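To start, the structure itself, in structure tokens.
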Amino acid sequence: MGQLIAIALGGACGSVLRFLVSSGIYQWMGRGFPYGTLAVNTIGSFLIGLLAEALILQRISMTLEFRAAILVGVLGGFTTFSSFSLETLYLLEQGSFTKAAVNVLASISACLLAVWIGALFGRSLFYYAGGVIQWQGGVFPYALVIVNAIVACLIGIVAAFLLQKVALSMEHRAVIMIIMIGIYLTLSGLYLVLFLIEDGFSLDTNPNLMLSVFIGNGLISILALWLGLLAGRQL
């Protein structure tokens, strides 16, 4: 039951994100071609390839709901095969056979390439020492921190892009940014803490380690978000 609720909540967030991103892309590039659907499917494919290595292969029994919410809920809601199929059908009905063929070839090749790059990068991160650095009886899960930073950077790029392309009041922009950043920093830090607990550490005996990893992840993710925001403003 817990996984179903987690997937439902994640799916709702993913669907809203898909709508915002695809709408922003269409406002930027027009609707002469399914750019928005192609963009969300490509981004989602990269993320599921990357996060599958971090959230599934790095099995942590305490976070089944967390993994289900992200991989099945958010990314399942963010990507869409049905929209791709419908838009391709519309192109065929309009006699735009070349655009339809390009959409099919571009979607399949871009998504396969993106998921391969994501999985390859994820595997390379965890190749050395299982993705952790050990020192003086403590560990630093550098691979998961890097994954969090990459996702944070993408969030920053998408957020900056949407704030420029989608008409929102300044108040709504501030609320969205604060909520989005707060939720991401909390969830990404929580996952690292659960990773450490599963690795044999505890809040009672290793509070400094837990706090330092949580704060370190937050600072790195904030830096990545800021870089993403700067990059997104150039789009």
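The values are calculated or read from the model by the stated rules, or taken from the named source; none is laboratory data. No experiment lies behind these values; they were computed from the predicted model shown. Because the Cβ atoms are built from the backbone with ideal geometry, glycine has one as well, and the counts that use them run over all protein chains shown.
The table below gives the values:
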{"item": "Given (1) outside any helix (DSSP H, G or I); (2) under 20 Å from the mean Cα position of the chain (by Cα), number of the condition residue 154 does not satisfy", "result": "(1)"}
{"item": "Meets criteria (polar (S, T, N, Q) and within 17 Å of residue 183 (Cβ to Cβ)) for residue 15", "result": "yes"}
{"item": "Positions within segment 122-141 being assigned to a helix (DSSP H, G or I) and either over 22 Å from residue 218 (Cα atoms) or modelled with pLDDT of 90 or more (or both), in sequence order", "result": "123, 124, 129"}
{"item": "Residue check for residue 162: assigned to a helix (DSSP H, G or I), among the hydrophobic types (A, V, I, L, M, F, W, C) and more than 25 Å from the chain's Cα centre (by Cα)", "result": "no"}
{"item": "Count of segment 15-45 residues which are more than 22 Å from residue 70 (Cα to Cα) and aliphatic (A, V, I, L, M)", "result": "2"}
{"item": "Inter-residue pairs, beta-carbon under 6 Å, first in the same structural domain as residue 83 (by TED's automatic domain parsing) and crowded, with 19+ Cβ neighbours inside 10 Å and in segment 104-123, second among the acidic types (Asp, Glu) and modelled with pLDDT under 90, 6+ apart", "result": "122/53"}
{"item": "Complete set of residues in segment 130-141 that are surrounded by 17 or more Cβ atoms within 10 Å (Cβ to Cβ) and of a type outside the set (A, V, I, L, M, F, W, C)", "result": "131, 141"}
{"item": "Wholly within segment 1-114, helices (runs of 4 or more DSSP H) carrying at least 2 residues that are in contact with a helix residue (DSSP H, G or I) (Cβ under 9 Å, 6 or more places away or on another chain) and aliphatic (A, V, I, L, M)", "result": "2-29, 35-51, 81-93"}
{"item": "Residue satisfying all of: in segment 206-235; among the β-branched types (Val, Ile, Thr) and within 14 Å of residue 187 (Cα to Cα); nearest to the chain's Cα centre (by Cα) among these", "result": "222"}
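A quick yes/no check of all residues on (1) of a type outside the set (Asp, Glu); (2) over 26 Å from residue 78 (Cα atoms):
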residue: 141; (1), (2): yes, yes
residue: 170; (1), (2): yes, no
residue: 174; (1), (2): yes, no
residue: 180; (1), (2): yes, no
residue: 183; (1), (2): yes, no
residue: 188; (1), (2): yes, no
residue: 204; (1), (2): no, yes
residue: 221; (1), (2): yes, no
